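Every number here is computed from the coordinates shown, using simple stated rules; none is lab data. This one's a predicted model, so the numbers in the text were calculated from it and none came from an experiment. Using ideal geometry, Cβ is built from the backbone for each residue, glycine included, and neighbour counts are taken over all protein chains shown.
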Amino acid sequence: RKPRKSAKSAVKSAAAKVAAVVTPDVPGRPGSAPPTIDEPTSPRDPLPPKSEQGTPETRTATGAETGAASTANGQQGAFLTTSQGARLRDTDHSLKAGPRGPTLLQDHHLREKITHFDHERIPERVVHARGTGAHGFFTGYGTADGMTRAGFLAKGKETPVFVRFSTVLGSRGSADTVRDTRGFATKFYTDEGTFDLVGNNIPVFFIQDAIKFPDIIHAAKPHPDREIPQAQSAHDTFWDFVSLHTEAQHHTMWNMSDRGIPRSYRTMEGFGVHTFRLANAAGETVLAKFHWKPKLGVHSLVWEEAQLASGIDPDFHRRDLYDAIEAGAFPEWELGIQVFPDTEEETFDGIDLLDPTKFVPEELAPVQAIGKLVLNRTPTNFFAETEQVAFHVGHLPPGIDVTNDPLLQGRLFSYVDTQLTRLGGPNFSQIPINCPHAAVNDMLRDGFHQHAVHAGAAPYRPNSLDGGNPFPAGDAENAFLDVPVRVAEAAKVRANPASFDDHYSQARLFWLSMSPVEQDHIVAAYTFELAKCYEQPLKERQLRALANIDPTLCARVATGLGLPAPEPTVQLADATPSAALSQIGQEWPGDGRVIGIVVGPDADLAAVGQVRAEVFAAGMLPLLIAPHGGTVGDLAVQRTFATARSIEYDAILLAAAPAPAPDVSGADKAATVDPRILLLVDECWRHAKAIGAWDAGGSVVEQAGVAGTPGVTIADSGTEAFAAVTRLLAAHRVWERFPASVS
Ligand code: HDE
């Protein structure tokens, strides 16, 4: 942003120039020549802004240009003022008729302060209300150049981004770790206009047509009478809907899998879900699906952890993202595309690319990496940025276009409409976080919360009064092109293509692609959720849907519910499993993983200090867990026995056998290990986390009864114990700890 001084002088000199040109011939003045205003045929240079048109300093989304005088730096200035800048003498006492008298209506500061407070809340998002965001940058690889002219994908091109992750069903204050789909919405502030990739962590959706969206959301949100349960799909109306609208079965299968309870937003894939159309500079097109691939791999919580976290730390994912970025463990994803020929049928290998309940297995169409996303900055103000960010699937740069997917078409309407209520009017793109970084030159005017001071007399075109500006751009000026796709001649109908009728084959494909442990988790999730429902007929209806996906899955869930397993009513699909769908079987970097180190006063603190340094050096986060806060020797303590639970750690190291605290109620005083640490070890074991011990830590493991079991190492030194834990962490969990599958 230019200093005000130079802006002012530019205004002055421009005004002088304009005056010199215009004054002799002002129409209507005595002696002036008759008006001759022809329609201009070429754009003129922009007029310099008047001083009051200066963009408010707070308007850059990245905050990079925020000036010292900015109101965004509230509370930095020396003196308290009213909203109008008058300095205040007192903000703790209202103006009264004497110290014991009534408060006076004339107290403007009191009324301004309370009125503003009364209006601090805005409506939460109707879906995806609970979320968290981060800033970062995207770097193109140039590998998509032949397919799209979108400039932000060019090799080495860096584009600022803001990402908001979310759950779907819960209210703004709901817990992070509930079983639900997660939103993964990215705003790319490209030079050619903002691109919003508003995706989810599941590549398919519940429904095929946007017209059903209010229905599925009404069914999934809390019951309208009691407004419970919060942020859960484990209730009657949800299962009523998905068992009646069997197109939802595929998405529901992903929800019931470990994908429904991610370990972290950093370990989540993202998907654009719909098929998009890419167009290159020559106007050639391909169809494409967008994928985000996390550098750390795709990892999940186990269900008990997710449930415990909802109580122990409802902000688990929010805290995890914030802490990782603040600790310098910047999360990374690669953006990739699956590419398909743009044929008239819009299918690939028999899969209808316009059906958002279908995905294309990576074995059939590999994901080609086209760029990298790094999140490296946390928001300065949650409300201003994360709450007010407004995404829209229609925010597209030249080179990326939509398809006729009926779900996407409905979304194109919904995302502006919802902001009119949520953000209070049509000018939400002027809110700093939503401001494009490309120059904006629209003819949209007025409305609630208008921040721009538009000059000119002619916000229409063509015009002859504002020098003809603005002019339409063409190919040479990189104008957005709506790809002129042919629309087949057809009657207007309320109907789906016949291919949309297959509701089970890909749910079956997903189920068959899971490892035995993952299948066990799916069975347990269906059983849990349906057992929470009250109505027997809808459980039976859902079992009938499961029978059409896989009879074994159905039988196992039926057993858990104590109901008979029905027979399939459709021919079971001939599905080839896709290895890419399983989260198990590969090795991943441990960056940003959290290691709990249990230490007591009797521990060899030099050795503990060394292990702590090794954990840091490996790019992980060590948290010291001690009987009390403060320090142990010279080492700072981050968690105490009272605050440590397994959910927070990816693995634990035990450096000592801390004796029970005298005030532990109900503790067995004869035990030599604090019962809270025995609980920690027990939970870590149940949650299949690596456990390493040395010195007296070995006796903790013994007393907890887990010595000699898979993933539990008693080593000669802290270094060896950490090395063993690191090897195990690469696979995320000690999978063999889960009881063998019965399927
Ligand atoms: Fe959304 N969705 N959606 N959605 N959606 C919203 O927009 C909607 C759908 C997604 O962090 C709302 O600004 C309709 C699919 C994310 O701010 C609303 C339909 C996918 C977010 C809306 C869908 C999504 C939203 C609510 C069916 C994955 C959070 C607040 C046609 C590809 C964005 C808002 C953020 C938010 C409507 C289906 C993802 C009401 C009508 C499919 C990640 O406009």
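Some observations on this one:
- In terms of its alpha-carbon gyration tensor, segment 213-318 comes out oblate; a/c meets the 1.5 threshold, while b/c is at least as large as a/b.
- Neighbour net charge for H245 - beta-carbon separation under 12 angstrom, K R +1, D E -1: -2
- Restricting segment 456-558 to trypsin sites (Lys or Arg not before Pro) in coil, as DSSP defines it, with at most 13 other Cβ within 10 Å: R486, K492, R494
- Here each label is just a point 7 Å from Cα along the line to Cβ, and for F528 and A458 those points are 6.6 nm apart.
- Diffusion of the chain by Stokes-Einstein, at 4 °C in a medium of 1.567 mPa s and with Rh set to the Kirkwood radius over alpha-carbon pairs, works out to 44 µm²/s.
- Simple Cβ-charge dipole of the chain, Lys/Arg +1 and Asp/Glu -1, about Cα centre, in debye nearest 20: 2540 debye
- Multiplying the residue separation of D446 and E567 by 0.36 nm and removing their Cα-Cα distance gives an extension gain of 37.4 nm.
- The GluC sites (Glu not before Pro) found in segment 98-179 that occupy coil by DSSP, while having at most 12 further C-beta atoms within 10 Å, are E120.
- Look at the alpha carbon pairs under 8 Å that are at least 6 residues apart: their mean separation over the length of the chain gives a relative contact order of 12 percent.
- Taking Cα atoms only, the orientation of helix 605-617 departs from the longest principal axis of the chain by about 40 degrees.
- Contour minus Cα-Cα distance for T143 and A281 (0.36 nm per residue): 48.2 nm
- Ordering V700, I647, M620 by Cα displacement along the dipole of segment 594-737 toward the positive end leaves I647 in first place; charges were set at the Cβ atoms of Lys, Arg (+1) and Asp, Glu (-1).
- Karplus 3J(HN,Hα) series, Hz, for segment 242-250 with 6.51 cos²θ - 1.76 cosθ + 1.60 (x for Gly, Pro): 5, 7, 8, 9, 5, 4, 7, 4, 5
- Over segment 504-581, the reciprocal of the mean inverse Cα-Cα separation, the Kirkwood hydrodynamic radius, stands at 12.7 Å.
- Net +/- balance of residues flanking A721 in space, Cβ distance below 12 Å, scoring K and R +1, D and E -1: -3
- Here the calculated FRET efficiency for I37 and H218, from their Cβ-Cβ distance with R0 = 51 Å, stands at 0.35, rounded to the nearest 0.05.
- A Cβ-based charge dipole, computed about the Cα centre of segment 504-581 with Lys and Arg at +1 and Asp and Glu at -1, lands at about 120 debye.
- For the peptides 561-570, 609-618, the ranking by packing is 609-618, 561-570, with the highest mean count of neighbouring Cβ atoms within 10 Å listed first.
- For K50, nonlocal amide neighbours, meaning residues 5 or more places apart or on other chains whose placed amide H falls under 5 Å from its own, do not occur.
- When only the Cβ of Lys, Arg, Asp and Glu is charged (+1, +1, -1, -1), the dipole of segment 594-737 relative to its Cα centre reaches about 420 debye.
- Against the main long axis of the alpha-carbon atoms of the chain, helix 551-561 sits at an angle near 70°.
- Low-density loop positions, chymotrypsin sites (Phe, Trp or Tyr not before Pro), segment 79-152 - DSSP coil, at most 13 other Cβ in 10 Å: F79
- Measuring r between the beta carbons of A438 and T380 and using R0 = 25 Å, the FRET efficiency lands at 0.65.
- Karplus-based coupling profile of segment 264-272, in residue order and whole Hz: 6, 5, 6, 10, 10, 6, x, 9, x, with θ = phi - 60° in 6.51 cos²θ - 1.76 cosθ + 1.60 and x standing for Gly or Pro.
- Within the shell of other residues whose beta carbon sits under 12 angstrom from the beta carbon of P459, the net charge comes to -1, with Lys and Arg scored +1 and Asp and Glu -1.
- With the charge dipole of the chain set up from +1 on Lys and Arg Cβ and -1 on Asp and Glu Cβ about the Cα centre, the Cα lying farthest toward the positive end among the listed residues F510, A154, L444 is that of L444.
- Cβ-derived FRET efficiency at R0 25 Å, K155 paired with E587, nearest 0.05: 0.25
- Packing-based order for 437-446, 341-350, 268-277, using average beta carbon neighbours within 10 Å, highest first: 268-277, 341-350, 437-446
- Above-threshold pairs, the threshold being 20 Å between Cα atoms, out of K157/K372; K187/K358; K187/K293; K289/K358; K212/K358; K157/K187: K187/K358
- Across segment 131-434, the volume of the C-alpha convex hull divided among the residues equals 134 Å³ per residue.
- Shape class of segment 594-737 from the Cα gyration tensor (axes a ≥ b ≥ c, square roots of the eigenvalues): oblate, since a/c reaches 1.5 or more and a/b does not exceed b/c.
- Estimated vicinal HN-Hα couplings, Hz - segment 351-356 in sequence order (Karplus 6.51, -1.76, 1.60; Gly, Pro = x): 9, 6, 6, 8, 8, x
- Multiplying the residue separation of H93 and E702 by 0.36 nm and removing their Cα-Cα distance gives an extension gain of 213.0 nm.
- Residues with amide H under 5 Å from that of H395, placed H, sequence gap 5 or more: D196
- Rounded tilt (10° steps) of 406-422 against the dominant C-alpha axis of the chain: 70 degrees
- Distances between placed amide hydrogens fall under 5 Å for R263 paired with H299, S300, L301, all partners being 5 or more residues away or on another chain.
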